[in-house]
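Report on the structure given below.
Readers should treat all values here as calculations from the given coordinates under stated rules, not as data from a laboratory. What you see is a predicted model; the values in this text were computed from it and never measured. Cβ placement follows ideal geometry from the backbone for every residue including glycine, while neighbour counts extend to all protein chains displayed.
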Amino acid sequence: MLEVSLNEIENLALKSARGSGFDWGLAEEAARAARWLAARNLSWSGSLAAILEANAAGRLGGFAWTGTDVVSSVDDLDSCPIRGGACLSDFAPVLARLFLPRTLHPLWLLPFADTASNLIGVPIHLRWSEHRMVVGPNGTFGVVAPSLQHLSMVSRADLAMEIGIVEATDLPVEKWARRATSHMVPESDWRRLQHFEHFTYVPASETSRLSGAGAGIKDND
Amino acid sequence: MQAAKSIDGLMRPPDQVMRLDRLGSMHQTRLSFMRELLRRLHRERWEVSRPVFDIGPRGAGVATYQASGPERAYTLVCFAHDLPPELRSDRVIAEVWDATFSLFDGVPTTIDIDRLGQNVPRQEAGRYRQTELVLARANRSARLFDNVVACLAKGCQPDTDALDSVGYLMRTTAVYGNGKFGIADRDRIAGRPELAGPFQAEMLTVWLIRAFTIDLVEHMAALAGGRIAARLDRRLCRRLGIGNATGLGMAPFLVRHPALIHNWMAARETALARVRALPSASRQQIDCFRSALRRFSLHLSRWTTADPVLAPRLATLAVDLSLIYGFTSDAAFAAQLPWDAICRWAEKTVSLEARELVVSLVLEPHPAIADPLFESMATDELASFTIDGRMSCQALLTLIDRSYAWALATDFSRREENRLFWYVSEEKLEPRLGERATEAGAELEQPLAVARDVKLLREALTACDPAASLAQLLIRHPEHRHTVRRVQLESQRPYAEIRDNLIGSGVRPIDLLRCKLSFFGATRFDPRSDKWLRVTMFQNAPHPNEMPDSYDDGWIWGPEEVPC
């Protein structure tokens, strides 16, 4: 295991997401979400690597706006939780429901649900098969069934979200655990992410070695 | 005394302030981070001790400097190395250094020091824990270090001209904070009053490194010279700061942290506007202003550079100083709104270097106005991250047209406006600038071409239904997401954006560096190309053992006259 800081997590997530093909703005969302998950001791690294591998392989679909709903734009692909999460936070004020079929690692919707809930001031209910969870404003949440740890283990699920519709028994009353400022990450996950980070770098050439950093004069005194 | 005028209308607009040439003319002010650090250390009576100093005759070994305040202690752990001269380089990409450092959170045990000794000398190649707050390294000045040791070993003091021409015994080549290589995230320390402000842990590190450099030369001289060895004259110690060599690695910072740069600039501009709104100047304030001006004149005479752009600007600045002396007579200060009058006069009379110096000079006599604004300079960047998807395309278009005229006026079909691209080098993992037409890798461009991207976003917006929401735009055009975020952020933070084309042929990256370094409180900017420069930090600052004495808050301006 590797002990890393939240800043390292955010930076690696940004670069690796970009390297896997996300636009910069979505890579920024992935980076913030990774930091959010890690800060709450939720398992983020293996799931992010899986999401980026699917993204780079073209196995993740996008979304479209019908005028009343957000729908998956490609029927035979898995839903991307980063793009789906961005849709949730962007459209939350005008949506009552959002359905993301075959979402990879639905855990990744939590940071976006947190953002959306804070933005509009109402809880968001997440449901997939027998599991239910609610994310509320001001850092509150409620695990209705079965447990937060279990959510981390779900690698693909049809995910239904209801915005602002929560039964009284499901109110988010828990607060996220005290935030960690470092995180243990399996080295194999870190390497999988670094694989994508690598694609954001430009190989050196003779020209760039001479001019890129403005060197070429004696730099010692 | 009359009430101060409203500052409305006295805030300098971002179109005036946020230009590269203006940012590249900035000087330290009362709000600079190293000044705030020392004010606090003095006010709170921090004490610095040296629990460990185990250095051999060739300057290799370990030392610790423990700074203890009202609630907490921090310890600089120093590793000194005996480096062959041919391996010494200022470049961030070097792999060995004369000295390496870590600022430890608290008091390290011998086990901690041993662990740091396995890692800190390797810098980026080592791994660190949350107990380490800062990682840094420094090289000896080839011109000065050995010379000073040799002089002291013979019982003599070093030549003051040589000492002044360099200004430091060691220069840092990197000072890392905020989670780099496993060290503590800023979250760990952001709630502590002494480290809540920007870069306070880094500034404390550099100040303690400076103390170490003095102790190191005296110790090596004593080992070489025995009983006849001298200590460095205390007045000369004051004149030695710490050098710093900074390159492109720092340049993207200001673009990537728009909320932070807004807070820095807004604090400075608010302080300036409040001072300009004062109806009159007291005798004490006038004396303080004139003292800073005199001290800067002497400082300027020692500020040398071979840079073909800055050298003539400094020559003009010297001429401008005499104009400033001439204008700031008793009669000028007797007028209504004297500080405003000085700023207005400077804006139409003297060079950019001098205009920005006048900003620093008029802030100097006003600690009660300027200093409290330091508290507003830190930021929680998460607070500005969320995109408001409800906003209409028309509303964003209006925001762009209001704040980005400078970007929209740029014609990116012209090769010189689109000439450069920022990238990260695979070989060095550092930001670099490439030529779009002749170098490979432009498709891997970093998102620093703000002007071009805003222009592209505006084109996309004009093709949309004006009433459509940004959520609808972004679901179809995720490529604009990072730019939408910036524009929304900027609409609440007018100093967030550097209002120039950062990929045009006219860009000088050292302008970005100078802006940031002036906020640190660096002086004697000495560009070595348009991409990197050397500066001096903490020159003329009190040393740790001088802090309990009467504290000169204006130390950074230097002495009024040459002390020896």
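Odds and ends about this structure:
- Share of Cα-Cα pairs in the protein assembly as shown lying beyond 51 Å, as whole percent: 17
- Flagged links, alpha-carbon separation over 24 Å, of A:Lys15/B:Lys180; B:Lys180/B:Lys428; B:Lys428/B:Lys455: B:Lys428/B:Lys455
- What the Cβ-Cβ distance of B:Glu95 and B:Ala150 gives, at R0 = 35 Å and to the nearest 0.05, is a FRET efficiency of 0.80.
- Its alpha carbons considered, the range B:1-78 gives a radius of gyration followed by a Dmax of 21.6, 65 Å.
- Per residue, the average separation of C-alpha pairs within less than 8 Å and at least 6 apart gives the range A:2-202 a relative contact order of 28 percent.
- Ratio of Rg to Rh over the range B:33-247 (Cα coordinates, Kirkwood Rh, two decimals): 0.95
- Pairwise inverse Cα distances across the range B:256-327, averaged and inverted, put the Kirkwood hydrodynamic radius at 15.0 Å.
- Computed over the range B:1-158, Kirkwood Rh from alpha-carbon pairs, angstrom: 19.4
- Backbone amide hydrogens, once placed in the peptide plane, bring B:Val52 within less than 5 Å of B:Thr64, excluding anything fewer than 5 places away on its chain.
- B:Glu124 paired with B:Ala224, simple spin-label distance in nm, labels 7 Å along Cα-to-beta-carbon: 3.3
- Helix axis angle, B:352-363 relative to chain B longest principal axis, alpha carbon, degrees: 70
- Comparing A:Leu119, A:Leu48, A:Leu37 in a Gaussian network model of chain A, where Cα atoms under 10 Å apart are tied by springs, the biggest mean-square fluctuation is seen for A:Leu119.
- With Cα atoms defining each centre, the range B:387-428 and the range B:295-316 are spaced 35 Å apart in the structure.
- With a 10 Å cut-off around each Cβ of A:2-13, the average count of Cβ atoms from other chains is 5.
- Nearest 10 degrees, 0 to 90: helix B:200-225 Cα axis against chain B principal axis: 30
- Förster-model FRET efficiency, 45 Å R0, A:Ser147 and A:Ser73, C-beta, rounded to 0.05: 0.85
- Amide H to amide H, with H built 1.01 Å from N, B:Cys156 comes under 5 Å of B:Ala230, counting only residues 5 or more places away or on other chains.
- Each residue of the range B:248-264 is assigned a 3J(HN,Hα), and the resulting list reads 4, x, 7, 4, x, 3, 5, 7, 7, 10, x, 5, 5, 5, 4, 4, 4 Hz, derived from the Karplus form 6.51 cos²θ - 1.76 cosθ + 1.60 (θ = phi - 60°), x at Gly and Pro.
- Where labels lie 7 Å past Cα in the beta-carbon direction, separation of B:Arg390 and B:Ser322 in nm: 6.3
- Label point distance in nm, B:Ala467-A:Ala64, each placed 7 Å from Cα along Cα→Cβ: 2.2
- Nonlocal amide H pairs with A:Val202, under 5 Å, H built at 1.01 Å: B:Val424, B:Ser425, B:Glu426
- Convex hull (Cα only) mean projected area of chain B, reported in nm² to one decimal: 27.3
- Mean-position separation - Cα centroids, the range B:119-145 and the range B:207-246, in angstrom: 19
- Kirkwood-Stokes translational diffusion coefficient of the range B:355-460, alpha-carbon pairs, 25 °C, 0.890 mPa s, µm²/s: 136
- Taken one residue at a time, the phi angles of the range B:468-482 give Karplus couplings (6.51, -1.76, 1.60, θ = phi - 60°) of 5, 7, 5, 4, 5, 5, 6, 5, 8, 10, x, 5, 9, 4, 5 Hz. Gly and Pro are set to x.
- For the range A:2-202, convex hull volume per residue from C-alpha positions, Å³: 110
- For the range B:142-229, alpha-carbon Rg over 2.2 N^0.38 Å: 1.45
- A full extension of the chain between B:Arg143 and B:Ser329 corresponds to an added length of 62.7 nm, given 0.36 nm per residue minus the alpha carbon distance.
- If a spin label sat at a point 7 angstrom from the Cα of B:Arg43 along the line to its beta carbon, the backbone N atoms of the range B:344-373 nearer than 13 Å would be those of B:367-373.
- Of A:Phe63, A:Phe196, A:Phe141, the residue with the greatest mean-square motion in the GNM of chain A, using alpha carbon springs below 10 Å, is A:Phe63.
- Euclidean distance of C-alpha centroids, the range B:149-192 and the range B:1-54, integer Å: 20
- Compactness of the range B:317-388 - radius of gyration and Dmax, Cα, Å: 17.0, 53
- Cα long-axis angle, helix B:338-349 against chain B (0 to 90 degrees, to the nearest 10): 80
- J(HN,Hα) series, the range A:11-16, from Karplus relation 6.51 cos²θ - 1.76 cosθ + 1.60, nearest Hz, glycine and proline x: 5, 5, 4, 4, 5, 5
- Fully extending the segment from B:Arg58 to B:Ser413, taken as 0.36 nm per residue of separation minus the present Cα-Cα distance, adds 121.9 nm.
- Anisotropy class assigned to the range B:487-537 is oblate, per the alpha carbon gyration tensor with a/c at or over the 1.5 cut-off and a/b no larger than b/c.
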